[in-house]
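Report on the structure given below.
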Amino acid sequence: MMSRQHKPFPADFLWGASTSAYQCEGASDIDGKGPSVQDVKEPFPGTPDFKVASDQYHHYKEDIALMAEMGFKVYRFSVSWSRVIPTGDGPINQKGLDYYSDLVDECLKYGIQPLVTMYHFDLPQALAEKGGWGRRECADAFIRFAKVLFENLGSRVKYWLTINEQNMLTLVGPLIGTFNAEGVKNIQKELYQQNHYMMLAQAQVMALCHEMVPGGKIGPAPNISAVYPASCLPEDVKAAELFSAIRNWFYLDMAVYGVYNHQVWSFLEMQDALPEIAEGDMEILASGHPDFIAFNYYNTGTVARDESTEMPDPGSFDQQRIASFPGLYRGVKNGNLPTTQWGWEIDPIGFRNTLNQVYSRYRLPIIITENGLGAKDKVEADGSVQDDYRIEYLQRHIEQMQLAIDDGVEMLGYCPWSAIDLISTHEGFEKRYGFIYVNRDNFDLKDLRRIRKKSFFWYKKVIATNGADLSN
Ligand code: BG6
């Protein structure tokens, strides 16, 4: 068996963690904030609304101090568009801007780099009512919003992310609550038209960042997973390759090279779902260049060929479609992998595979903006939270990230999900991800006290040793 010396994590490696505005801030109708699509949507059964969430709006000083205690070098948070511009395209809400300015200052006070996501699933409701991302004007409003952020925070914020999980917004927008399918005749076409406008917005915002932010670095933040074939049968391998293009490469090929992935283009053509492209759009798309690739990683996917001859209604939305398309590919369970309490497959080696695939294709440094274990944590009688399962999950993923560095992947940083407990997209407060426990339940707000979990102390040591000591 060959063994080799690990390459160390880079000296300036950005260790930290992530959150998003609507899932943790609360204060959803305070200080002039306008409603977002998340504020007005019907919460998933058994889960709370986003009015209070983790109340970071009122606890940010305490939260950042705890992150500083863990030794964070970076904190990835998102800006709520409708807190800064309540209608999305109207007047600016100074109080909203002040909040983010203070949050940035608080991070910098401890030497924590803010990594700012501009848009994380929370489109201003007023824009949604005008047709949301289905209209080109939404892209213009986003570009203006980005300008406002660069003008006001650009001298202090060096790292920016455009759109969180644009691929999930496109593949499963109706499930995330960001897409209202009511009255839409061809849902697929509409989703890919929205995607086109998001891509146009992203390209222009990336260019703008380079113009307006001295030393500014910006990248996309999709959710990327290696896709395995269910067997080595060439038909299964082909199915996996196609699904990976649809799920992953379509978004990154556009962000990095400004081109539509050829296989996905033809897949859309087959479904009458091609977006309309105006003159000049392709030039715009080619004009934005990311400085790095950020991506969220939770698990891998596995697909087999699908030989059904019946094509689904091309204009409809079916949530199974995220990993299955009759006649082309079908998502299957990977029996080799353990799962979380919510059935998500756990695949640390798949993380290394995914990192290598992304780096091979795009040759840009990578920052992981989400990775983590959602679990039902429990506060013990002595007040502690013994989340050894989370430590184990993170240990195994960090080990594989280290191996990816050995492979030659250029890594910028690692921001697991999530810095503090927050409202999960579908399971409310039942499913926690944080290093910091927030003392509330789905419907009992209790005292919102912050409790350091066991993983808090473990991660502190990981950061202090720059990833050299991962032991529990
Ligand atoms: C990512 C999202 O897809 O997954 C986060 O960017 C989300 O917003 C995270 O919370 C975990 O998913 P869930 O459904 O467990 O909250």
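The values are calculated or read from the model by the stated rules, or taken from the named source; none is laboratory data. Just so we're clear, the structure is a prediction, and the values are computed from it rather than from any experiment. We work out accessible area using only protein heavy atoms, side chains counted, and drop any ligands, DNA or RNA first. Shrake-Rupley method; radii C 1.70, N 1.55, O 1.52, S 1.80 Å.
Think of a 1.4 Å ball rolled over the protein heavy atoms: the chain then has 38 Å² of accessible area per residue.
Seen through its C-alpha gyration tensor, with square-root eigenvalues sorted a ≥ b ≥ c, segment 404-464 comes out oblate because a/c lies at 1.5 or above while a/b is not bigger than b/c.
Between residue 11 and residue 144, the contour length at 0.36 nm per residue exceeds the Cα-Cα span by 44.3 nm.
Amide H to amide H distances under 5 Å link residue 75 with 113, 115, where only residues 5 or more positions off or on other chains count and H is placed in the peptide plane. Across segment 219-364, C-alpha contacts under 8 Å between residues 6 or more apart give a mean separation that, scaled by the residue count, equals a relative contact order of 31 percent.
Please list, or write none, the lysines whose alpha carbon is within less than 18 Å of the alpha carbon of residue 73, excluding same-chain residues fewer than 8 places away. Partners within reach: 61, 109, 158, 217, 460, 461. Database remark: amide H of residue 411 closer than 5 angstrom to the amide H of 366 (H placed geometrically; neighbours at sequence offset of 5 or more, or on other chains; Pro and chain starts carry no H).
Annotation: amide H-H contacts under 5 Å for residue 424 (H modelled 1.01 Å from N, sequence separation of 5 or more, or interchain): 429, 431. Classify segment 195-257 as rounded, prolate or oblate from the Cα gyration tensor: take a ≥ b ≥ c as the square roots of its eigenvalues, call it rounded if a/c is under 1.5, otherwise prolate when a/b beats b/c and oblate if not. Here segment 195-257 falls in the prolate category. Nonpolar atom fraction for the chain, defined as the carbon and sulfur part of the 1.4 Å probe accessible area, stands at 52 percent.
The mean of 1/r over all distinct Cα pairs in segment 58-199, once inverted, gives the Kirkwood hydrodynamic radius of 16.1 Å. Rounded, prolate or oblate: which one fits the chain, using the alpha carbon gyration tensor with axes a ≥ b ≥ c (rounded when a/c is under 1.5, else prolate when a/b beats b/c, else oblate)? Rounded shape, in that the Cα axes give a/c under 1.5.
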